[in-house]
Protein chains: 2
Amino acid sequence: MNFICTKNDLLQAIQINIKAISSKPQMPILSGIYIHAKNDILKIETTDYDIGIICKITADIKEEGTLVLPGKYFADVIKTLPGEEIEIASNSEQNTVTIKSNTAKFNLLSMASSEFPKIKKLESNNNISIKSNVLIDLIKKTSFACATEMMRPVFTGCLFDLNNAEITMAATNTHRLAVKKEIMDDNKTNITAKLIIPAKILNDLSTLLASDIPTDVDIIYSHNQISFSYDNVYIVSRLIEGQFPDYNNVIPPSFSSSALIKTRELQSAIDRVALISRSNQYNIITLNFDTNNLLLSSNNPEIGKAEENINIKLNGQPISIAFNARYILDMLKYINTEDITFSFNTETSPASIKAVGDDLFIYVVTPVRKAI
Amino acid sequence: MNFICTKNDLLQAIQINIKAISSKPQMPILSGIYIHAKNDILKIETTDYDIGIICKITADIKEEGTLVLPGKYFADVIKTLPGEEIEIASNSEQNTVTIKSNTAKFNLLSMASSEFPKIKKLESNNNISIKSNVLIDLIKKTSFACATEMMRPVFTGCLFDLNNAEITMAATNTHRLAVKKEIMDDNKTNITAKLIIPAKILNDLSTLLASDIPTDVDIIYSHNQISFSYDNVYIVSRLIEGQFPDYNNVIPPSFSSSALIKTRELQSAIDRVALISRSNQYNIITLNFDTNNLLLSSNNPEIGKAEENINIKLNGQPISIAFNARYILDMLKYINTEDITFSFNTETSPASIKAVGDDLFIYVVTPVRKAI
């Protein structure tokens, strides 16, 4: 194998591919980056069995072939190369690969390309297309609410609920629930599916897609896999098996009281008040809603107390209700509207936070018992 | 105690003071920040016994007094306060301190101020004054060469060698030596002293002093302590006891060969070549000096090989000599001249690197045995 490509193209691909290399690969070959050179296209593959990534870039291919290089070293070498062009040639007798760029020359030992589990493209008639900025929004506003521990796998993923023109993403760790909907323009009316996608791949995807120019993401899914294709990138992931709770049942149908609050004022007040409670396991802060005032407070017998007052407009009865501060802060981070509504029934029943101006996003959080 | 001060002043002071709070304080009171309010001046003190810091700021003091607050919490609270002004008042009966700023109010439990080991100012006639930018340069070009493990304490400090108008800072870990001199303008001719200052306090000091406007740093020293005063800051540190090796004996008196090399070309070539050797304990790279060419190479049986050629001008005999790449990179980072000279005698005797244009800075590094 022998080809010349630009450093920019190769580096960009490798930085995407590296996301499918586990820090503790199940088998040595999975620490490798597989390169297939044919018809002036390089196909670069990585996989950890849970996900697989293929990036394609153009190259001036003088001799076709395949090789696998140690991923971490290959990435570091490419990153530091001094020239704009890179020449890569394999020497199959010595099992080495020569990488040249400007004044620099590397000889890396190659891995056995026959051992690399090449990625099978997912084939299915189940497919939708979604704009990258819409997908990012769905992910950002829900995936933070997932559970991080693996005790119950379904809670480490986001439910991707396709219901004709309506796409819903939902995530919960059983103490809180985030639900974001999108209405699709093109109105395909015959799609229904409920897929649980690992939060990790969604978070990686939202990072990779983050760019000023929205692109189309083509999604294909089967009963146990889902793939995302955009530009020169193909990502396939396993789905999480299991039954996701019916999120519509978790959202209270109505609230007796509701407060209108400035998003950033609430966020910075909780930031401060939670300083005192953060060393406690549940990071409990108490919210005292009154007609025009919200008193936030926390108490830590070993440190002291904090309180803060902010202006609000309450519609309903005054209430005192306690929460894990982390759960509210996590959510406010992703709100980009000026105001939110905080709605509740009793001090023990689930409350909700909604961004004023985004009726398709709802967050439900369960109160905790008040600190003494 | 009761006073009002600006958030900016207090925060700036606390961020300096926090450097004397150990992450594992020897006694609980040492995790505290001591504040003394008198005559419209706040004196803010912290210490870990090794070093002590006093910052002074102005305040509108309504009631004089002293208090000690838990350092980490106090710092975090001040950092997040919403207003430009802060009011702090102690309630001695309840052992609490109220901190108010705009909408926020904190009640922190105070610590017993009588237990705080107040810092004694160092008094001595041994003193010099030095511009902050000169002191930073002395520190930056030497302290990186110290040993980090505490096996032999003298090597965890920099020698501060005062010899009339000449100030020298030297540091070594026995495998390398960095020596930076400064000639002082004001020509005090009757000062000689050799002090070993802990590298940690010097590094903290160079960070604190880093500002666009140079300031005067007044240094006072005794046989076992040294203090630095500048602006509103006073820092006192223990000195390290022991005998620092005679650095003049370590610097070879002459070299048989010397190469002129572009600093940044050498730095980025070593950066790349060292990628292959970094997983080895000694990170060995080999430098082959020839008349107009330097071939840098490394070899790692498990990964592969790297080599790179750069243009140089060699004055003397060609040589092949091996080094720990880390030791050369550490030093090149602090060189801001375009060229360096790399000088050597044999492949087993110490070599030197000097910045062309700075005759008062020399770095000596011992070669390692070549990789097979």
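Across the stretch A:344-365, the number of residues qualifying as under 20 Å from the mean Cα position of the chain (by Cα) and part of a loop (DSSP other than H, G, I, E, B) comes to 1. Against the test of being among the acidic types (D, E), surrounded by fewer than 17 Cβ atoms within 10 Å (Cβ to Cβ) and within 30 Å of A:T96 (Cα to Cα), the options A:E115, A:E123, A:E149 yield a single qualifying residue, A:E115.
Out of B:F160, B:F144, report the one residue that is out of contact with any helix residue (DSSP H, G or I) (no Cβ under 6 Å at 6 or more places or on another chain) and within 20 Å of B:A178 (Cβ to Cβ). Result of the check over B:F160, B:F144: B:F160. Checking each residue in the stretch A:206-247 for being among the aliphatic types (A, V, I, L, M) and either in contact with a helix residue (DSSP H, G or I) (Cβ under 7 Å, 6 or more places away or on another chain) or modelled with pLDDT under 95 (or both) picks out A:L208, A:L209, A:A210, A:I213, A:V217, A:V233, A:I235, A:I240. B:D161 fulfils the conditions (1) of a type in the set (D, E); (2) free of Cβ contacts under 8 Å to residues at least 12 places away in the same chain; (3) in contact with a Ser or Thr (Cβ under 6 Å, 6 or more places away or on another chain) except for a single criterion, (2). Here is the figure for the stretch B:265-296: residues that are in a helix (DSSP H, G or I) and touching a residue at least 24 places away in the same chain (Cβ under 8 Å) total 12.
Kindly evaluate B:K62 against the criterion of being within 13 Å of chain A (Cβ to nearest Cβ), farther than 22 Å from A:N309 by Cβ and of a type in the set (K, R). In short, no. Taking strands (runs of 3 or more DSSP E) as the structural unit, those lying wholly within the stretch A:78-127 and holding at least 2 residues that are away from chain B (no Cβ under 11 Å) and either modelled with pLDDT of 95 or more or closer than 14 Å to A:M1 by Cα (or both) correspond to A:85-91.
Counting only residues that are assigned to a strand (DSSP E or B) and either polar (S, T, N, Q) or more than 9 Å from chain B (Cβ to nearest Cβ) (or both), which one in the stretch A:306-319 is nearest to B:K79 (Cα to Cα)? Lay out the reasoning, then the answer.
Residues of the stretch A:306-319 assigned to a strand (DSSP E or B): A:306-311, A:313-315, A:319.
Next, from what is left, pick out any that are either polar (S, T, N, Q) or more than 9 Å from chain B (Cβ to nearest Cβ) (or both): A:309, A:311, A:313-315, A:319.
On the way: A:N309: 19, A:N311: 23, A:K313: 29, A:L314: 30, A:N315: 34, A:I319: 31 Å.
Taking the candidates together, the pick is A:N309.
Comparison of A:I285, A:I303, A:I276 shows that the only residue that is more than 9 Å from chain B (Cβ to nearest Cβ) and either crowded, with 19+ Cβ neighbours inside 10 Å or in contact with a His (Cβ under 7 Å, 6 or more places away or on another chain) (or both) is A:I285. When the test is whether a residue is crowded, with 21+ Cβ neighbours inside 10 Å, closer than 20 Å to A:K354 by Cβ and of a type in the set (V, I, T), A:I261 passes it. Taking the conditions (1) within 14 Å of chain B (Cβ to nearest Cβ); (2) modelled with pLDDT of 95 or more in turn, A:N324 satisfies each one other than (1).
Matching residues to (1) over 17 Å from B:I235 (Cα atoms); (2) without any contact (Cβ under 8 Å) to a residue 40 or more places away in the chain; (3) outside any strand (DSSP E or B); (4) not polar (S, T, N, Q):
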| site | (1), (2), (3), (4) |
| --- | --- |
| B:A13 | no, no, yes, yes |
| B:K19 | no, no, yes, yes |
| B:I33 | no, no, no, yes |
| B:C55 | no, no, no, yes |
| B:L69 | yes, no, no, yes |
| B:K72 | yes, no, yes, yes |
| B:D76 | yes, yes, yes, yes |
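I'd like to know if the stretch A:69-76 contains one or more residues that are touching a Phe, Trp or Tyr at 6+ places or on another chain (Cβ under 7 Å) and either over 30 Å from B:N311 (Cα atoms) or at pLDDT 95 or above (or both). Explain how you work it out, then say what you get.
Residues of the stretch A:69-76 that are touching a Phe, Trp or Tyr at 6+ places or on another chain (Cβ under 7 Å), as a first pass: none.
No, the stretch A:69-76 contains no residue that is touching a Phe, Trp or Tyr at 6+ places or on another chain (Cβ under 7 Å) and either over 30 Å from B:N311 (Cα atoms) or at pLDDT 95 or above (or both).
Among the residues of the stretch A:289-300 satisfying the criterion of being within 14 Å of chain B (Cβ to nearest Cβ) and at pLDDT 95 or above, which is farthest from the chain's Cα centre (by Cα)? Across the stretch A:289-300, the extreme among qualifying residues is A:N292. Each residue in the stretch A:336-352 was checked for being of a type in the set (A, V, I, L, M) and closer than 14 Å to A:R264 by Cβ, and 1 pass. Screening A:L329 against (1) in a helix (DSSP H, G or I); (2) more than 14 Å from every other protein chain (Cβ to nearest Cβ) leaves a single unmet condition, (2). Comparison of B:V364, B:V273 shows that the only residue that is among the hydrophobic types (A, V, I, L, M, F, W, C) and touching a Pro at 6+ places or on another chain (Cβ under 6 Å) is B:V364.
Being within 30 Å of B:F323 (Cα to Cα) and basic (K, R) narrows it down to one of B:R238, B:R264, so name that one. First the steps, then the outcome.
Working: B:R238 fails: within 30 Å of B:F323 (Cα to Cα).
Just a single option satisfies the conditions, and that option is B:R264.
Tell me, which strands (runs of 3 or more DSSP E) wholly within the stretch B:160-257 include 3 or more residues that are more than 25 Å from B:I54 (Cβ to Cβ) and among the charged types (D, E, K, R)?
Working: elements: B:166-172, B:176-183, B:192-198, B:216-221, B:225-230, B:233-238.
Strands (runs of 3 or more DSSP E) meeting the threshold: B:176-183.
The values are calculated or read from the model by the stated rules, or taken from the named source; none is laboratory data. None of these values were measured; they are calculated from a predicted model. When we count neighbours, we look across all protein chains shown, and the Cβ atoms used for this are built from the backbone with ideal geometry, even at glycine.
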